[in-house]
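Written below as structure tokens is the structure these notes are about.
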Amino acid sequence: MAVESQGTARTSFDLKSAQLPVVAVVLKDTDIHVLAHDLAERLAADPDFFDNDPVLIDLSHIREAVDPVDFAELRRVLSSHHTQPVAVRGGSAEQMAAAHAAGLMAAPDALPARSAPVEIREVIREVEVVREIPAPLSDALIIDRPLRSGQQVYARNTDVVVLGMVSYGAEVIADGNVHVYAPLRGRAVAGARGNTEARIFSTCMEPQLLSIAGIYRAIDSPLPADVAGKPAKVRLEGEKIIIESL
């Protein structure tokens, strides 16, 4: 039997740090039945809105609530809409303990900003391919091709500029601003790490979903005539998404 005496031993796996974008569900009521009703109403027009997206449950608005949260039922309700509840944050000690008992991990209230490569994740026929490319020398990540359904671009710690169409089902995410100099028909997420001053711009506003700093607005009805299919910008006013013509 030959024995390899030099070099690094081979293993069946590697351990690497990873940061993935998640959907944050900010609870404003401890009554899970109310949440179930509101979710069903919000997603009635687009039942396939989520695609097994990982979910972070934010408890900061109900931290001082007296009534307990039924985390087992909460997980069931969220899972029924094709999400994967994985963590909680911002709760009281009792709420966090109850969430942990229900199988949810505790997430930090704020993640430190770190310099890392920009990731492009592409899904084709349910097969995920992850490609890492070095961050560009400019202040923004430039994408000079269209994004097809199932593709996702994430610009960490910078803006993203897309020069091609963002198709329905595609997603563009940035910690800074999102600029799309073509039809925006998919999902656009700006201020992914909580920057409330981030903006979304497009020369042809036709989005599936808009989000700034964790505040989401699904476009389930036609936009006003002054912005639909026209140059427009998106900003956050309090907890409300505002879409304005350029």
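The values are calculated or read from the model by the stated rules, or taken from the named source; none is laboratory data. Small disclaimer: the values here were computed from a predicted structure and weren't measured. To get the accessible areas, we keep the full protein, side chains included, count just its heavy atoms, and leave off ligands, DNA and RNA. Shrake-Rupley method; radii C 1.70, N 1.55, O 1.52, S 1.80 Å.
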accessible surface per residue for the range 152-246, probe 1.4 Å, DNA/RNA/ligands not counted, whole Å² -> 40 Å²
From highest to lowest solvent-accessible area (probe 1.4 Å; ligands, DNA and RNA excluded), Met165, Met105 read Met105, Met165
Taking a 1.4 Å probe, which of Leu246, Leu236 shows the most accessible area, and what order do the others take after it?
Leu246, Leu236
Could you compute how much accessible surface Val153 exposes when probed at 1.4 Å, giving the result in Å² to the nearest 10?
0 Å²
